[in-house]
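The values are calculated or read from the model by the stated rules, or taken from the named source; none is laboratory data. The shown structure was predicted, so the numbers you read here are calculated from the model rather than taken from an experiment. Quick reminder, even Gly has a Cβ in these numbers, built from the backbone with ideal geometry, and neighbours come from all protein chains shown.
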Amino acid sequence: MVLHVGSSSDSGSYRNGSQKILLVEDSRMFSAVLSHRFETELGFSVTHCSSLKALNEALANASHGFTMAVIDLNLPDAAHGEALDVAVTHRIPTIVFTASFDMATRNRIMERNVVDYVLKDSEFALDNLVSAVRRAIANRSTRVLVVDDVPSARKMLTDLLEAQQFKVTEAGTGIEALAALEEFEDIEIVVTDYNMPDMNGHELTRRIRHRYGSDWMRIIGISSSTDRLLSATFLKAGASDFIYRPFVPEELQCRIARNVETLTQLKKLRAAAASDYLTGLYNRRYFYDHGPRLVNECLRRQRPSSVAILDIDHFKKLNDTYGHEIGDQVLKAVAERLHSLFEGSNNLLSRLGGEEFAILFTEMNSRAATALCDEVRLSLASLKVHADDEELSVTVSIGVAEIVGYESFENYLNAADQFLYMAKHNGRNQVYSDSKMTEEAAE
């Protein structure tokens, strides 16, 4: 569990050179600008077609692999939306970009379960289109739980959400919904009907809110009831939004999009609050907030865990000699190496402050953690940091303590800190731990 050093949760996180977008647009201006923006802002590889003929040629290969299509309805050789039908036939998620729009056109578009449509009706049209594509790609990592006891109503909602690229999980009752929340930890949006056989939407909402705050999960109530107070009671129960049936699909799309956007902004705020400003690793506050939970889970399951404190040797002298700018470069270089070593693991890495870093090892006793920390120490010793015309090397001392019973989190860190002191007292550039002390005592 580490933050990506130097990364953020903006559109850059969706970058993937293997993703391909099919742009069907006859306007040279629109196609040139959009191709550039899709490539530079979203990291897509763009295939541009200016006619239906070119589109059919691009799709002649069955393994075309297009992630998404953006299609203009009116082309020189296809003035009635034939290009959209071709994309739908090839099962490519499609966003329509059109200047011609009336109710008949709108109905024809919506019947084809497109991702969205964007009108060429203002100076913001290109921005709106890029945002629509970005949103659709982001939706693929968002799971929505649809709760409705009527299969046909549930299917209609599911089809609409899947067209927008969401991952969808279905439940026919409140009990099934609660079970789904236990099974799928990535559910972020719940769309729930009011009338259900085992509990109504209010009760389900209250139960969900008892476990998940609105900053982690959004709940949208939905009902065909004529009771105009139902929306208020849903909101008072903890729902984030409400919509009456029959609804306009675009309205539900927008309401869900707004709630997803709210969650995204909250995630960014949490990431900023949890991130060390210099290195991008988790900060001291996050380590102290989340470390105890990981420890308690290991203790509950009677699994080992250990904590380590790592300190850069002679860092004050380095700062005094080369200045704080070089000191910051060293800290960032150490953080980047630590991040690369622990990325993808279940260990919690943090910068506690100054030149100190902490690592919480889950599923690892002191002996195993000590061995791993010695590998970390050797890896960091190979670092080279350039300071003017010099090449600086870095060594670290590490103290490791195993967690064997329920105590305050501060006590675990104090134990590791004592072993860190012993590592420094014994000459630095080494790992010292309770298991190592036991081995030495037995010799």
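Overview of results
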item	result
Identity of the residue in region 206-232, without any contact (Cβ under 8 Å) to a residue 12 or more places away in the chain and outside any loop (DSSP other than H, G, I, E, B), that ends up surrounded by the most Cβ atoms within 10 Å (Cβ to Cβ)	Ala232
Residue count for region 305-339, restricted to those that are polar (S, T, N, Q) and farther than 24 Å from Phe361 by Cβ	3
Answer from Ser340, Ser345, Ser306 - the residue that is part of a strand (DSSP E or B), over 15 Å from Ser397 (Cα atoms) and assigned by TED's automatic domain parsing to the domain that holds Gly399	Ser306
Among (1) acidic (Asp, Glu); (2) under 14 Å from Val147 (Cα atoms); (3) at pLDDT below 95, the one test that Asp227 misses	(2)
Looking only at region 94-119, and only at residues there that are without any contact (Cβ under 8 Å) to a residue 24 or more places away in the chain and touching a Phe, Trp or Tyr at 6+ places or on another chain (Cβ under 9 Å), the one that is farthest from Glu25 (Cα to Cα)	Arg106
Within region 87-127, tally of residues that are farther than 22 Å from Thr158 by Cα, assigned to a helix (DSSP H, G or I) and within 33 Å of the chain's Cα centre (by Cα)	3
Residue match in region 349-364 (condition: more than 27 Å from Ala273 (Cβ to Cβ) and either assigned by TED's automatic domain parsing to the domain that holds Ser433 or of a type in the set (Ser, Thr, Tyr) (or both))	yes
Among the residues listed as Ala415, Ala401, Ala423, the single one being modelled with pLDDT of 95 or more, hydrophobic (A, V, I, L, M, F, W, C) and assigned to a strand (DSSP E or B)	Ala401
Residue count for region 300-344, restricted to those that are without any contact (Cβ under 8 Å) to a residue 40 or more places away in the chain and either in contact with a Pro (Cβ under 7 Å, 6 or more places away or on another chain) or small (Gly, Ala, Ser) (or both)	4
Residue ID - surrounded by the most Cβ atoms within 10 Å (Cβ to Cβ), chosen from residues in region 22-59 that are under 17 Å from Leu126 (Cα atoms) and either of a type in the set (D, E, K, R) or outside the structural domain of Glu123 (by TED's automatic domain parsing) (or both)	Glu25
Set Ser382, Ser366, Ser350, Ser433: member being over 23 Å from Asn296 (Cα atoms) and among the hydroxyl-bearing types (Ser, Thr, Tyr)	Ser382
Residue count for region 76-86, restricted to those that are under 38 Å from the mean Cα position of the chain (by Cα) and not charged (D, E, K, R)	4
Hits in region 274-288 (condition: surrounded by fewer than 15 Cβ atoms within 10 Å (Cβ to Cβ) and in a helix (DSSP H, G or I))	Arg284, Arg285
Residue check, Leu281 touching a helix residue (DSSP H, G or I) at 6+ places or on another chain (Cβ under 9 Å), more than 30 Å from Arg218 (Cα to Cα) and touching a residue at least 12 places away in the same chain (Cβ under 8 Å)	no
Selection from region 128-156 of residues that are of a type in the set (Val, Ile, Thr) and part of a helix (DSSP H, G or I)	Val130, Val133, Ile137
Residue match in region 187-200 (condition: surrounded by fewer than 17 Cβ atoms within 10 Å (Cβ to Cβ), in the same structural domain as Gln253 (by TED's automatic domain parsing) and touching a Gly at 6+ places or on another chain (Cβ under 6 Å))	yes
Residues located in region 351-378, provided they are more than 20 Å from Tyr432 (Cβ to Cβ) and crowded, with 17+ Cβ neighbours inside 10 Å	Arg351, Thr362
Residue among Glu297, Glu203 that alone is modelled with pLDDT under 95, of a type in the set (Asp, Glu) and either in a helix (DSSP H, G or I) or at positive phi (or both)	Glu297
Single residue of region 128-183 satisfying the filter (of a type in the set (Lys, Arg) and under 29 Å from Ser35 (Cα atoms)) that is nearest to the chain's Cα centre (by Cα)	Arg140
Some residue of region 169-180 being among the acidic types (Asp, Glu), touching a strand residue (DSSP E or B) at 6+ places or on another chain (Cβ under 9 Å), more than 18 Å from Phe44 (Cβ to Cβ) and not in a strand (DSSP E or B)	yes
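The rows are residues; the columns are (1) in a helix (DSSP H, G or I); (2) modelled with pLDDT of 95 or more; (3) crowded, with 19+ Cβ neighbours inside 10 Å.
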position	(1), (2), (3)
Phe234	yes, yes, yes
Phe242	no, yes, yes
Phe247	no, no, no
Thr262	yes, yes, no
Lys268	yes, no, no
Ala272	yes, no, no
His290	yes, no, no
